[in-house]
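These notes concern the structure reproduced below.
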Amino acid sequence: MSEIKKTTEKNLMVFSGRAHPQLADEVAKELDTDLVPTSAYEFANSEIYVRYEESVRGCDAFVIQSHTAPVNEWIMEHLIMVDALKRASAKRITVVMPFWGYSRQDKKHRGREPISARLMADLFKTAGADRIITVDLHADQLQGFFDGPVDHLMALPILTDYIKDKYGDQELAVVSPDAGRIKVAERWSERLGGVPLAFIHKSRDITRPNETVANRVVGDVTGKICVLTDDIIDTGGTIVKAAEALMKDGAAGVVIAATHAILSDPAVDRLKNSSAVEVVITNTLPLAPEKEFDKLTCLSIAPLLSRAIKEVFEDGSVTSMFDGHA
């Protein structure tokens, strides 16, 4: 006999960086497993060191890290974790990044600019990643930046279920903060029972980051609770100006809903003092205690991530989680 045959069992292992351990803990609990014990620290010159305390040979590895501030530090740790797994003979490495760092730098607005989102994809591929799981990309084309499978999850079911439960008995309208997110707003409308759509016509100065001007509301929002949706809230300027424009146009109230709450200064003050009755976010990024305020509601993305991980591990269908839209 010139061959050896052996049937091996698949082995799922979940790893977490230090950026957002609470989310990783929630995901592990949903999967009924524990995070792999990991040593991670900085040397005196700030270089990052990572070592796993268990054998990872032949495992199906899922490495969770949210690219929060300081973004460059946590991305570097994420890359080092992937490299450690590759060199320790993990069978398949899936990078789970609930928020894709540098995702807003997805194209060139002017000459001599980088496309940093593509660079991130190349770095993870070079480090040894076989697959990426991420949530609500800033631009859909980022899926094509990585040379391998990308599972693009949507927080839409989690956010819409909450909105439906709390505001479903009132007259609603879904509002996109700009014309570019109309397709996403259409999915929101469908999930909320076909409520009317509107969008904010705005202009942006590409030489001044995080600044926009909300010009006018396109669509009828009079007397309606407007669900203002976006993927990211960074400094809060865009979304707060949009909420003000809706109230001036006769809206009965505004509920802001977004997936990624970066909340850079002065976002918290802007949102706290805005005309919105509630701000609904998910925990794709960690929320520091000083960034919490009365009308902020944070929903967990862990059930979504854990289900996607299970589908990937069991060779199931991630697309089926979103009615074929993923």
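The values are calculated or read from the model by the stated rules, or taken from the named source; none is laboratory data. Remember, it's a predicted structure, so these values are computed and weren't measured experimentally. Here the Cβ is made from the backbone with ideal geometry for all residues, glycine too, and neighbour counts use every protein chain on show. Side chains included, ligands, DNA and RNA excluded: accessible areas come from the protein's heavy atoms. Shrake-Rupley method; radii C 1.70, N 1.55, O 1.52, S 1.80 Å.
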The chain: most fluctuating residue of 90, 258, 44 per GNM, C-alpha cutoff 10 Å: 44
Grab the DSSP H runs of the chain that are 4 residues or longer, score each as -39,500 (n - 2.57), total them, divide by all residues and round the 222 nm result to the nearest 500 deg cm²/dmol. -8500 deg cm²/dmol
For the stretch 100-114, what does the Karplus curve 6.51 cos²θ - 1.76 cosθ + 1.60, with θ = phi - 60°, yield as ³J(HN,Hα) per residue in whole Hz, taken in order and with x for Gly and Pro? 7, x, 6, 5, 7, 9, 9, 7, 8, 7, 9, x, 6, 9, x
Carbon and sulfur atoms: what percent of the 1.4 Å accessible area of the chain do they account for? 47
For a quick protection proxy, order the peptides 188-196, 145-153, 57-65, 173-181 by their average other-Cβ count within 10 Å, most packed first. 57-65, 173-181, 145-153, 188-196
Degrees, to the nearest 10: 71-87 long Cα axis against longest axis of the chain: 30
Give me, ordered by chain and number, the residues 5 or more places off residue 263 or on other chains with an amide H under 5 Å from its own placed amide H. 233, 234
Amide H to amide H under 5 Å from residue 96: which residues, 5+ apart in sequence or cross-chain, H placed 1.01 Å off N in plane? 63, 64, 65, 133
Which whole-number percentage describes the relative contact order of the chain, with Cα contacts under 8 Å and a sequence gap of 6 or more? 13
1/(1 + (r/R0)^6) with r = Cβ-Cβ of residue 88 and residue 297, R0 = 41 Å, i.e. FRET efficiency to nearest 0.05, evaluates to 0.55
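Please work out the FRET efficiency for the pair residue 49 and residue 222, using the Cβ-Cβ distance as r and a Förster radius of 56 Å; give the result to the nearest 0.05.
That pair, residue 49 with residue 222, gives E of 0.40.
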Set 164/295; 91/310; 248/272; 29/310; 164/272, cut-off 20 Å on Cα-Cα distance; pairs above it are 164/272
What accessible area per residue, rounded to a whole number of Å², is obtained for the chain using a probe radius of 1.4 Å? 48
For the stretch 1-118, I need the span (max minus min coordinate) of the C-alpha atoms along each principal axis, in Å, sorted largest to smallest. 64, 33, 33
Across the stretch 258-265, in residue order, what do the Karplus-derived ³J(HN,Hα) couplings come to in whole Hz, using 6.51 cos²θ - 1.76 cosθ + 1.60 with θ = phi - 60° and x for Gly and Pro? 8, 7, 9, 9, 6, 6, 5, 4
Of 182, 93, 132, which has the largest mean-square fluctuation in a 10 Å C-alpha GNM of the chain? 182
Could you work out how far helix 237-248 tilts from the main Cα principal axis of the chain, as a 0 to 90 degree angle to the nearest 10? 30
Whole-Hz ³J(HN,Hα) from phi, Karplus 6.51 cos²θ - 1.76 cosθ + 1.60, for the stretch 271-276, glycine and proline x: 5, 4, 9, 7, 7, 5
Per residue, how big is the convex hull of the chain when only Cα atoms are used? Give it in Å³. 160
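So which GluC sites (Glu not before Pro) in the stretch 255-326 end up in coil per DSSP with only 12 or fewer other C-beta atoms within 10 Å?
Sites meeting the loop and neighbour criteria: 292, 314.
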